[in-house]
Amino acid sequence: MTTRSGPPVDQLVTAVPERRAAILDVIRRAGSRITLSLFRCNDQAIFRELSAATARGVAVDVLVTSRVKGGQKKIEKLWRALEETGATLRAYTDPVVKYHAKYLVADEGPAIVATLNFTKKCFKKTCDALVVTHDPQVVSGLRALWTADCSCAPLPADLPERLIVGPERARRQLTALIEQARHSIRLLDAKLSDPDLVSLLNTRRAAGIDVEVFSGKRAGALKSHGKILLIDDCTVVVGSLALAAISLDFRREVAIVVTEAAAVAAAIDLFNVVRDAASESTRLSQRAGDEAQC
């Protein structure tokens, strides 16, 4: 597990009350430029903070999807709300690849890579996470990716390996991480369905690796939405990528690999909470079944 002196480069935020606050804080502290990648956003606090940023002279540039469940009306509503903040908008127009990346870069850092949409639902009712990072290579890499995606240019060749980017290299990167596991694999992913990666997880389990998968629709009282992978309790992957073929092969997705000790500890805590919630749910279901048979 990586240890460093001084403040952490990466912070993992999982607590429901802290996720919106972390994003608002990064926007609020921006002095000159915000680069934002969005799939969905309907949270008024986010719009207000973006408006405040443009009012103090910050250039806010937003790249948004051009396809979303619910159709053109939802996209037009998002565009209007963003335009009212004073942001400059661009649409991702690749005819095949759907845009699903969720990240933000302020000035020369920090950057945020998230599993969640910037929506009221994700801020209150889902099991999700985000990483706040001050890594300059990640900051510059996300900016380069954003710039390329604005014109549907090829993936920049010099992106840091810490950034897992689909569809071009996500399958290779995630496969390598799972294959490298020595002791344990923990996965939170309600969309898990890719045949090759499911088979790989089963193979690793058969080889003696402790593989723990949480693929249910609920994580305790919360809807399971975030995609989080924890390898050997020392490496965590957080982002929009699901281990599903459509996510790996046909969507622009972004996740980040984190080894910061405190961030990994937060991921371990999250999996402990999810495990306890799953165990309690199973216990209650069994009890209800026993009572029904009486």
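The values are calculated or read from the model by the stated rules, or taken from the named source; none is laboratory data. Predicted model, so just to flag it, every value in this text is computed and none were measured. With ideal geometry, Cβ positions are generated from the backbone for all residues, glycine too; neighbour counts draw on all protein chains shown. Remember, those area values only see protein heavy atoms, side chains included, never the ligands or the DNA or RNA. Shrake-Rupley method; radii C 1.70, N 1.55, O 1.52, S 1.80 Å.
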Taking the simple approach of a point 7 Å from Cα along Cα-to-Cβ for both THR93 and THR259, what is their distance in nm?
-> 4.1 nm
Normalised by the residues of region 1-126, what does the relative contact order come to in percent, with Cα pairs under 8 Å and at least six apart?
-> 32 percent
Selected from HIS100, HIS134, HIS183 as most flexible by GNM, with the chain as the system and alpha-carbon contacts under 10 Å = HIS183
Based on DSSP H runs of at least 4 residues, each adding -39500 (n - 2.57), what is the mean residue ellipticity at 222 nm of the chain after dividing by all its residues, to the nearest 500 deg cm²/dmol?
-> -13000 deg cm²/dmol
State, to one decimal in nm, how far the label point of SER279 lies from the label point of ALA157, with both points 7 Å from Cα in the Cβ direction.
-> 5.1 nm
Compactness index (Cα Rg / 2.2 N^0.38 Å), region 118-192 | 1.34
May I ask you to give the solvent-accessible area per residue for the chain, in square angstrom, as obtained with a 1.4 angstrom probe?
-> 46 Å²
In nm, to one decimal, how far is the ARG48 label point from the ALA21 one, both placed 7 Å along Cα→Cβ?
-> 1.6 nm
Charge context of ARG28, other residues only, Cβ under 13 angstrom, K/R +1, D/E -1 | +1
Here the FRET efficiency for ALA221 versus HIS183, based on Cβ atoms and R0 = 51 Å and rounded to 0.05, is 0.95
Radius of gyration, Dmax [the chain; alpha carbons; angstrom] = 19.3, 69
What's the FRET efficiency of ALA245 with SER66 using the Cβ-Cβ distance as r and R₀ = 35 Å, to the nearest 0.05?
-> 0.95
Would you mind telling me the share, in percent, of accessible area of region 75-136 contributed by carbon and sulfur at probe 1.4 angstrom?
-> 50 percent
Could you calculate the contour length gain from ARG28 to ILE268, that is, 0.36 nm times the residue separation minus the distance between their Cα atoms, to one decimal place in nm?
-> 83.4 nm
Whether region 102-234 is rounded, prolate or oblate, judged on the alpha carbon gyration tensor where a/c under 1.5 counts as rounded = oblate
